[in-house]
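Report on the following structure.
The values are calculated or read from the model by the stated rules, or taken from the named source; none is laboratory data. What you are looking at is a predicted structure, and each value in this text was computed from that prediction instead of being measured. So basically every Cβ, Gly included, is an ideal-geometry build from the backbone, and we count neighbours across all protein chains shown. Just the protein is used for accessible areas: all its heavy atoms, side chains included, with ligands, DNA and RNA removed. Shrake-Rupley method; radii C 1.70, N 1.55, O 1.52, S 1.80 Å.
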Amino acid sequence: MSTQTAPKTKPQIAFFDFTSCEGCQLNKLNLENHLLEILEHVDIVEFREAMDDKADAYDIAFIEGSISTPSCVERIHDIRRRAKILVALGSCAVTGGINAMKNLQPIEDVRETVYGKDKYLFPTLPAMPVSAIVKVDYEIHGCPMSIPEFLVVFKALVMGKQPIKPDSPVCVECKLRENECLYDRGMVCLGPITLSGCDAICPSFGQFCTGCRGLVPDANKNAMLDILTDHGLSLQEAEKRLLLFNSYKQPDTFK
Amino acid sequence: MNKHNLLLQNIPDFVAHLQTYGEVHAPCQKGENSFSFEQVTDPSRVVLDYARTLQSIRKYFLPPTERLLNFSLTDNTFTKVAIENNHRIFLGVHSYDMKAVLKLDFNFSHRTPEINYLKRRENCTFIGVSYEPDDYHFSRSVGITVENTEGFDLFLDRHENGYTVQVLTERGTEITKDFTALGEALEIPEISRQFKNKIKFNYNRLPEVMEQSWNSPVWEEVAQRCVGCGTCNLVCPTCYCFNMVDNVDLKLTDGSRDRHWDGCLLSSFAAVAGGENFREKLASRQRHRIYRKFKYITDKTGDPWCVGCGRCTAYCTAGISIVEIVNRLSDEFEQTHLRKSSAPVGQKIQGVSL
Ligand code: SF4
Ligand code: SF4
Ligand code: SF4
Ligand code: SF4
């Protein structure tokens, strides 16, 4: 591609947040080292965490958070209609994240616990990834979302290329770093079926992987459960570990 | 061949002496229970009694990640990244890891030579060391004894109080001649260390076994237990597959072409443009790995492409054992093919006894 002449109009990008801690958006503000360079390529037209402009159409819409209320559903449809490319940011948006743990209990109990007697004012749904409602073009994993991965996707989209979708597990990054496997230190770790891209940051610092980036495609969950139980966890405890970040898939995953 | 004696207490001095000839890289403690080849700064950290290192020394010649070239999108030019090849002395290498380097030499010098690999292979000195085979080593089954000295300049064979030092090349002579603490070699009866872990058949029969195993149920059974994490590839000293990625900077004007290790157990390894994946199923990827080690290259070279280091098994969190896979296939082969051909004989004998 030629970059000698800058495009006349910059792509318009927008950020939206749904059910989440907004940590991912804040993490983007941590991009400040790169922010000026980013703004050379795009105009940010909507970003509640940092500004309050609104726009009608977006070249790229970045979505943070999971879908968990009827109004979320309406809003995400509306954004999808106005966005050429839609990118899910961070675990909540990509997999439902830890929000989806609420799906493990009857929804009315959850509603009551959170809102008490006012629960009828607050309709709620099982927590869902964005892709459960609308078509998602690209996903950026991590809790919070990974900045390097955000930049890879961002650059590819601005250049009009397809970003490479990572699909190998955390163990790969551990091996590239020549880490001692935590299983050899008597720990258990979800790295074997968790999507890489974090540079195996947790195992590299002696902390087992809790699976925050979600599962690799076609993860062999039964084999993972066998590994966990062979290393001393009860089946119940093993399932609980797997569900922490992967509850959304619960109905067809373990039963 | 010259032999000397090296006492345990003189090893740090020996390491320091070697450092005058080049960078010394040797096994050091890594993590809590593991070892890793590292450049030695403190000779007292060198560990010569170890079972295996997390990665073999292939990491020096084919680094896990590597920048191949830098490019500019504004004027469509590129420059290759210079390869450094200082004098390096690898101390404390096991015979199977040395053999693995010799195999990679073959892979990377045939057909299109791999310039970066071959450049890094220059100026290397290898000092072998013996080891006690543990539950995972099975090198003997693929034709490599503990005491195999092929490829080494020096070989240190452990005895009670130290090592017998065999000088195998001129380079070996050069780096030992001024080290005065070497004593006269002791009269020690040659011992051949035993391996507990064994492949059932001689390795030269394995291509035949593999030939008959394409449709074996073993592949699917193994795939049930395997998570496809790629560890078995990434720790293997004879695996050499890599992937290449182009990265651009945030200005979108310059970038680099980088490569990193890849492995055939990973799901998208055999995926190509257009969305086709030639080995979508874990079972077919397992079969591919085993065939790479005992059939495909073996058919061409007559040698197994596995050195029996045991890493793929020791580091597999699912406890999948390569020896077990090969032995199960061999059992199957024996039952279906060997028995079948000998069946008439059995019947005849039965006939006679009737
Ligand atoms: S520590 Fe975890 S991620 Fe790393 S190799 Fe072991 S299981 Fe895999
Ligand atoms: S190692 Fe696991 S828990 Fe840690 S950041 Fe990576 S995916 Fe998340
Ligand atoms: S290391 Fe074990 S679990 Fe991982 S891909 Fe290899 S055989 Fe499968
Ligand atoms: S296949 Fe396994 S035992 Fe053989 S060389 Fe590779 S890692 Fe070692």
Near A:ARG81, within a Cβ-to-Cβ distance under 13 Å, what is the net charge of the other residues, with Lys and Arg +1 and Asp and Glu -1? +2
Accessible surface of region B:203-343, 1.4 Å probe, proportion on carbon and sulfur as whole %: 49
Work out, step by step, the length gained on full extension between A:LEU121 and A:GLN162: first 0.36 nm times the residue separation, then minus their alpha carbon distance; give nm to one decimal. 10.5 nm
I'd like the Karplus ³J(HN,Hα) series for region A:226-234: coefficients 6.51, -1.76, 1.60, θ = phi - 60°, whole numbers in Hz, and an x wherever there's a Gly or Pro. 4, 4, 5, 6, 4, 9, x, 7, 6
Cβ-Cβ FRET estimate between B:SER256 and B:ASN107, R0 fixed at 25 Å, reported to 0.05: 0.50
Shielding of A:165-176 by partner chains, average beta-carbon count, 10 Å: 6
What does the accessible area per residue of chain B come to in Å², with a 1.4 Å probe and no ligands, DNA or RNA counted? 47
Report, in deg cm²/dmol and to the nearest 500, the calculated mean residue ellipticity at 222 nm for the protein assembly as shown, where each DSSP H run with n ≥ 4 adds -39500 (n - 2.57) and the sum is divided by the residue count. -8500 deg cm²/dmol
Full-extension gain between B:LEU118 and B:ASN247, please, as 0.36 nm times their residue separation minus the C-alpha to C-alpha distance. 43.9 nm
Accessible-area composition of region A:12-159, carbon plus sulfur, in percent [1.4 Å probe]: 56
When the chain is fully extended, how far beyond the present Cα-Cα distance does A:GLU112 get from A:LYS135, taking 0.36 nm per residue of separation? 5.1 nm
Relative contact order %, chain B, counting alpha carbon pairs below 8 Å whose residues are six or more apart: 20
For B:ASP331, project a label point 7 Å along Cα to C-beta. Then give me every residue of region B:222-236 with its amide nitrogen under 20 Å of that point. B:222-226
In nm, to one decimal, how far is the A:ILE85 label point from the A:ILE201 one, both placed 7 Å along Cα→Cβ? 2.4
Report, in listed order, any pair from A:LYS165/B:LYS30; B:LYS3/B:LYS99; A:LYS165/B:LYS281; A:LYS165/B:LYS300; B:LYS198/B:LYS295; B:LYS30/B:LYS251 with a Cα-Cα distance greater than 30 Å. A:LYS165/B:LYS30; A:LYS165/B:LYS300; B:LYS30/B:LYS251
Note down the accessible area of B:TRP219, probe 1.4 Å, to the nearest 10 Å². 10
Please give the total accessible area that chains B and A bury against each other, computed with a 1.4 Å probe and expressed in Å² to the nearest 100. 3000
Give a residue-ordered list of calculated ³J(HN,Hα) values for region B:14-22 (Karplus: 6.51 cos²θ - 1.76 cosθ + 1.60, θ = phi - 60°; whole Hz; x for Gly, Pro). 4, 4, 4, 5, 4, 4, 6, 9, x
Counting pairs of alpha carbon atoms under 8 Å apart in space and at least six apart in sequence, what relative contact order in percent does region A:170-243 give? 29
About the Cα centre of the protein assembly as shown, what is the dipole size in debye to 20, counting +1 per Lys and Arg Cβ and -1 per Asp and Glu Cβ, all else neutral? 1640
Which of the aspartates and glutamates could a cross-linker bridge to A:LYS175, judged by Cα under 19 Å and excluding same-chain residues fewer than eight apart? A:ASP167, A:ASP184, A:ASP199, B:GLU32, B:GLU38, B:GLU66, B:ASP97, B:ASP258, B:ASP262
What is the distance in Å between the Cα centres of region B:142-173 and region B:191-270? 30
Counting only heavy atoms of protein chains, what accessible area per residue, in Å², does chain A have with a probe of 1.4 Å? 49
Scoring chain A by relative contact order with C-alpha pairs under 8 Å, at least six apart, yields a percentage of 18
Derived scalar couplings ³J(HN,Hα) [region A:162-171; Karplus, 6.51 cos²θ - 1.76 cosθ + 1.60; whole Hz; x for Gly, Pro]: 7, x, 6, 8, x, 9, 9, x, 4, 3
